[in-house]
Amino acid sequence: MKTLPFCLLLTLTFTPPASPQATKAAEATQHATGPFEVKIAPQPADETAGSPAIARMLLDKHFHGDLEATSKGTMLAAGSAAKGSSGGYVALEIVTGTLKGRTGTFILQHTGTMTRSTPTLSVTVVPDSATGQLTGLAGKMSINIVDGKHSYDFEYTLPQPQ
């Protein structure tokens, strides 16, 4: 009789539990909605000879509803002057106010593109920009304009207060 060596290979997979911060953020996914007013103040354009101008505008907003706040920002835009044409804009705005009872500030970043009259828009909270009771805020905002009236739908996560 011959003895053969025997080898057993055992592989274990371990998935650590989610961190308390991640769990709290995941539990806090919410929506905030409401109307807002915006004033846009054109500023002198940056012009380069032979190139399209880059328009510069100051933004002044007042949010109502779940987000009671004001914001100040700057927008840059450029595009073709032809009807039904393409263009783009970027903007940053600092929002100061109260989101469902929690007070602080945060920065929104806009990126918009119009491709032959078809718009796309992304408005997101700049990571780690929130202060006060809004520290840890993350999210994205959609903007709707119907009959000249503006409204927002803000999908966000916010850690629960300690």
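With the cut-off at 19 Å, tell me which of the pairs Lys100/Lys149; Lys100/Lys140; Lys39/Lys149 have Cα atoms farther apart than that. All intermediate terms of the calculation are to be shown ahead of the outcome.
On the way: Lys100/Lys149 22 Å; Lys100/Lys140 16 Å; Lys39/Lys149 12 Å.
Cα-Cα > 19 Å for Lys100/Lys149; rest within.
Bin all alpha-carbon pair distances of region 69-162 at 5 Å intervals from 0 and give each bin's fraction as a whole percent.
All Cα pairs, binned at 5 Å, distribute as 3, 12, 20, 23, 17, 11, 7, 5, 2, 1, 0 percent.
What distance in nm separates the two pseudo spin-label positions at His64 and Ser80, each 7 Å out from Cα along the beta-carbon direction?
3.9
Fewest to most neighbouring Cβ within 10 Å: what's the order for Lys61, Lys149, Lys83?
Arranged by neighbour count, lowest to highest, Lys61, Lys149, Lys83 become Lys83, Lys149, Lys61.
Note the full-extension length gain between Ser151 and Ala53 as 0.36 nm times their separation in residues minus their Cα-Cα distance, in nm to one decimal.
Additional length available on full extension: 32.3 nm.
Put a dot 7 Å past each Cα toward the Cβ at Gln30 and Thr98; how far apart are the dots in nm?
1.2
Read-outs: derived from the displayed coordinates by stated rules, not from any lab. This structure is a prediction, so every number in the text was calculated from the model and none was measured. With ideal geometry, Cβ positions are generated from the backbone for all residues, glycine too; neighbour counts draw on all protein chains shown.
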